[in-house]
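So that we are looking at the same thing, I have put the structure below in structure tokens.
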């Protein structure tokens, strides 16, 4: 039997009968004249439009940030046998789960207490009590990590007393850890929520656990959505021979092997290890802006040494290993030095294709700091740096970073701005390459700037999160992505010219 | 009572045993063994009531229903996610409501536009900022035909008066500024959000559009959100029948179309759940009749074409027959190609809107059987329409939890499951073939004669992908050349 040719939406609507349908439908749409649409489209590319665009104060258009509880839930999911438990409306949790499902293409369990109008009036106590009882009976967690959504925060739910009541009523065991973080969406972003939940979990789970030093180093990755980074970090610590505890280890939560069974809790940092983190010799954070409160707590309450060592790019990774070596007293092994050599070799070999290339970037603060540092190392020029969830401190840190290299001279950082601002920048001051998440593809479409997908969320390309972007191997991965995007673009541009080279 | 019903009831009881007493009592009302005759009183599920806290419901909220489903797809209005950053972020272009237009210039469907509430907005109120936001949007997007203000939880909790801001600005701009009170804590699911959105269509845009002439063949296509182009595939069929589709709600809709549907001779509603309210209103207020139809799979399509034609003259009736004659050989060929690979396969569905019942016929056209089905946010009228189209003893579930779905899967062993993104990857881990039946797993259209071949192809690739056979079940010893797994 000759098989039918099946056309789905990707081809179907290009057919003549559909093009005619769309044209005829305009009769009912009351559309603007085509010339007017064209005129406005051109106007949005101008300096005049850019000024209007940058003058807005009350509205975000295509922002690059998520909300606190998403970060809290992400953090909680990196602890073993832990159910993220959200005191608030159920729609929020449906959204958090979907968002993370779409990025990782993995399942994620999380609970809400389904607060509705009556809870808004009378408070969320009953929701919390029944929620704790049901979640504990059905899903048998060893920790219920609480965060909140707007509703619980606006009405001012007293989480601590609610949990106490649940214990008194015997709905959950007396010794079940139930850390609580307040994570209103109208403060900060997902990186703030990560920090708040991490602090809540660590302060709960380490209570009374202070004993003899365990000789380990704690590693807090921060709101890092690359499962490959977690595996890479563990590999590198293994090579260094440094005993360590990753807090919180989401690598198996969001990248678990398919074994024909569904595990509610597929991995995460064992709770005993997390509890013992108070006895480590130091805590290293790989991001600054998603861990600041946690680090402050660790220094103050645990009396532990902390350091922020973001390992993105060559020099950052150099510093990372030097500091780890100092902290642990272990030398940097030749194996790591060799990895460095291979990454640098790649940068040297391909430099003609990235040298002088101008970049626009958008993403979370720590990612942007790492990327800008790396771009300058390879001879690229960071130009527009847009960070919706960056604060003044970040702005200052980024500005200082840019002054460290002649390649940073053109760079300008924009905090509290969004991708519609970036659109204006890309039209008025075009660049060669754009780095951003999947939603930046609309900028690619509008401005033609080739997009390199690094960040969160990545919905429209598969499995990128499995490949590390930290360490020397991560630098090599990103560099490969960047240089080959340049080469793809070069092929596209030269396909009808004599410059369509096969050896580049 | 038949054995089929008794067996299913026994299974449900066993599953419910894991719940604490209160939740068990409540959940028992939402799970039932199907009785197609409707005579068995214990076979009716309770629905549209609050989810139990802590059970992991799949449900979303009123904002999702109003912004995500009904208003979001209207292409030439700006939809503001009014409140903190998250709600708009997570619902950003997630439903693939396709539209034609130049995004950011004369259409705005794939944009995430939000007032991004900060603490000061909670303390001092967000109305002033909203007023400013509306003015900034008007300046940057002069071609917008309207602006919708879709409220998130805090807006209602702090007592903002978005209606008065909207009224004031509408006078100034002379385009509809639509305040939608769809805070996520309202109601028990997405469903109330649909209703609230319908009411705001009624109050702010209906009756205000321009339609130069009418004909005896005017219809409006209601409750089709053009996911993967569904509405376009349906529209093509209605036009081929000789009907004139004057409005398409709300997939690829313009504000003008939102204002003229009442002038149609017949409102054709696909997703009854999300837009029956406005159809009833148009019937009462303007005398516009409405009819439900189903464009999934040839059997239902043929029935629906004849049903729709029955409202019109002989020309349309003849056209419907001609179409059936023309497309039946094509549909038969699709069935011939795919049925042998799908015959006898068992399907479990857990979706929303119309799909838990409307897609059953399409599966049956391919020789498959739906053995369990349920709605995230259905009402009793949805279930009444479902009981007769399912077999005796089939599982009916309302607002199912993750735990229940896993248990049903373990016991019923479906050959494929159709549900949403939150369920998808746990089924992949289980090695159970799975298809997203909200977003068509980024495929589509599934509606109409152009959609059925895509549906058939997709179900085949779901059930018969060789990747399922690569899964090595935990604990099963390795044997060379052995196709382990399912």
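Could you tell me which of the residues A:121, A:163, A:154 is within 7 Å of chain B (Cβ to nearest Cβ) and assigned to a helix (DSSP H, G or I)?
Criteria check complete, one pass: A:154.
Give the stretch B:78-91 a look and list any residue that's at the interface with another protein chain (Cβ under 7 Å from one of its Cβ atoms) and over 24 Å from the mean Cα position of the chain (by Cα), or say none.
Matches in the stretch B:78-91: B:84, B:85.
Let me ask another. Scan the stretch A:192-201 and tell me whether some residue there is in a loop (DSSP other than H, G, I, E, B) and modelled with pLDDT of 95 or more.
no
Based on this model, can you work out whether residue B:435 counts as within 9 Å of chain A (Cβ to nearest Cβ), crowded, with 17+ Cβ neighbours inside 10 Å and free of Cβ contacts under 8 Å to residues at least 40 places away in the same chain?
no
In the set B:133, B:94, which member is crowded, with 24+ Cβ neighbours inside 10 Å and either in contact with a strand residue (DSSP E or B) (Cβ under 6 Å, 6 or more places away or on another chain) or at the interface with another protein chain (Cβ under 9 Å from one of its Cβ atoms) (or both)?
B:133
Further, regarding this structure: Give A:141, A:107 a once-over and let me know the one that is more than 15 Å from the chain's Cα centre (by Cα), buried (at least 24 other Cβ atoms within 10 Å of the Cβ), within 7 Å of chain B (Cβ to nearest Cβ) and in a loop (DSSP other than H, G, I, E, B).
Exactly one residue qualifies, and that residue is A:107.
Just checking, which of B:88, B:129, B:68, B:38 is in contact with a helix residue (DSSP H, G or I) (Cβ under 7 Å, 6 or more places away or on another chain) and outside any loop (DSSP other than H, G, I, E, B)?
Answer to the selection: B:129.
For residue A:367, all conditions in the list (1) out of contact with any helix residue (DSSP H, G or I) (no Cβ under 8 Å at 6 or more places or on another chain); (2) free of Cβ contacts under 8 Å to residues at least 40 places away in the same chain hold save one; what is the number of the exception?
Every listed condition holds for residue A:367 apart from (2).
Return the only residue of A:189, A:185 being within 14 Å of chain B (Cβ to nearest Cβ), more than 12 Å from residue A:277 (Cβ to Cβ), modelled with pLDDT of 95 or more and in contact with a helix residue (DSSP H, G or I) (Cβ under 6 Å, 6 or more places away or on another chain).
A:185
In the stretch B:105-128, which residues are more than 7 Å from chain A (Cβ to nearest Cβ) and closer than 30 Å to residue A:25 by Cα?
Residues satisfying the conditions are B:107, B:108, B:109.
Kindly indicate whether residue A:458 is in a helix (DSSP H, G or I) and touching a helix residue (DSSP H, G or I) at 6+ places or on another chain (Cβ under 8 Å).
No; evaluated as a whole, the condition is false for this residue.
Let me ask you something else. May I ask you to say which residue of B:292, B:369, B:284 is surrounded by fewer than 22 Cβ atoms within 10 Å (Cβ to Cβ), closer than 30 Å to residue B:189 by Cβ and free of Cβ contacts under 8 Å to residues at least 12 places away in the same chain?
Criteria check complete, one pass: B:284.
If you take the residues in the stretch A:202-221 that are touching a strand residue (DSSP E or B) at 6+ places or on another chain (Cβ under 6 Å) and buried (at least 21 other Cβ atoms within 10 Å of the Cβ), which one is farthest from the other protein chains (Cβ to nearest Cβ)?
Going through the qualifying residues, I end up with A:217.
Considering only residues that are in a helix (DSSP H, G or I), surrounded by fewer than 23 Cβ atoms within 10 Å (Cβ to Cβ) and in contact with a helix residue (DSSP H, G or I) (Cβ under 9 Å, 6 or more places away or on another chain), which ones fall in the stretch A:234-278?
The answer is A:235, A:237, A:239, A:240, A:271, A:275.
Any idea how many residues of the stretch A:81-94 are over 17 Å from residue A:138 (Cβ atoms), in contact (Cβ under 8 Å) with a residue 24 or more places away in the chain and in contact with a helix residue (DSSP H, G or I) (Cβ under 6 Å, 6 or more places away or on another chain)?
Here the count works out to 3.
Hey, any hits in the stretch A:380-396 for a residue that's farther than 20 Å from residue A:60 by Cα, outside any strand (DSSP E or B) and either in contact with a helix residue (DSSP H, G or I) (Cβ under 6 Å, 6 or more places away or on another chain) or in the same structural domain as residue A:187 (by TED's automatic domain parsing) (or both)?
Yes, because at least one residue in the stretch A:380-396 is farther than 20 Å from residue A:60 by Cα, outside any strand (DSSP E or B) and either in contact with a helix residue (DSSP H, G or I) (Cβ under 6 Å, 6 or more places away or on another chain) or in the same structural domain as residue A:187 (by TED's automatic domain parsing) (or both).
Sticking with this structure for a sec: Regarding residue B:448, is this residue over 28 Å from residue B:94 (Cβ atoms), crowded, with 18+ Cβ neighbours inside 10 Å and more than 9 Å from chain A (Cβ to nearest Cβ)?
Spelling it out, it is not the case that residue B:448 is over 28 Å from residue B:94 (Cβ atoms), crowded, with 18+ Cβ neighbours inside 10 Å and more than 9 Å from chain A (Cβ to nearest Cβ).
Also, I was wondering about something else. From the list A:385, A:435, A:415, pick out the single residue that is touching a residue at least 40 places away in the same chain (Cβ under 8 Å) and within 26 Å of the chain's Cα centre (by Cα).
A:435
Residues in the stretch B:308-320 that are part of a helix (DSSP H, G or I) and in contact with a helix residue (DSSP H, G or I) (Cβ under 9 Å, 6 or more places away or on another chain): how many?
Adding up the residues that qualify gives 7.
Considering only the stretch A:15-34, state which residues are within 25 Å of residue B:332 (Cα to Cα) and more than 7 Å from chain B (Cβ to nearest Cβ).
A:15, A:16
Considering the stretch A:173-191 alone, what residues qualify as being on the phi < 0 side of the Ramachandran plot, within 16 Å of the chain's Cα centre (by Cα) and in a loop (DSSP other than H, G, I, E, B)?
Passing the criteria: only A:189.
Right, here's the next one. Any residue at all in the stretch B:37-48 that's within 14 Å of chain A (Cβ to nearest Cβ) and under 21 Å from the mean Cα position of the chain (by Cα)?
yes
Consider the stretch B:241-271. How many of its residues are more than 14 Å from chain A (Cβ to nearest Cβ) and buried (at least 21 other Cβ atoms within 10 Å of the Cβ)?
Total satisfying the criteria: 5.
Conditions first: (1) within 11 Å of chain A (Cβ to nearest Cβ); (2) farther than 23 Å from residue B:457 by Cβ; (3) within 18 Å of the chain's Cα centre (by Cα). Residue B:227 passes all but one, so which condition is the exception?
Exception for residue B:227: condition (2).
Might you let me know whether the stretch B:408-422 holds any residue that is within 17 Å of residue B:370 (Cα to Cα), free of Cβ contacts under 8 Å to residues at least 24 places away in the same chain and more than 7 Å from chain A (Cβ to nearest Cβ)?
So far as the stretch B:408-422 goes, yes, one or more of its residues are within 17 Å of residue B:370 (Cα to Cα), free of Cβ contacts under 8 Å to residues at least 24 places away in the same chain and more than 7 Å from chain A (Cβ to nearest Cβ).
Take residue A:402 and tell me if it is under 23 Å from the mean Cα position of the chain (by Cα) and under 29 Å from residue A:444 (Cα atoms).
When the stated conditions are applied, residue A:402 passes them.
The values are calculated or read from the model by the stated rules, or taken from the named source; none is laboratory data. Everything numeric here is computed off the predicted structure, so don't read it as measured data. Cβ sites come from the backbone with ideal geometry, for glycine too, and all protein chains shown count toward neighbours.
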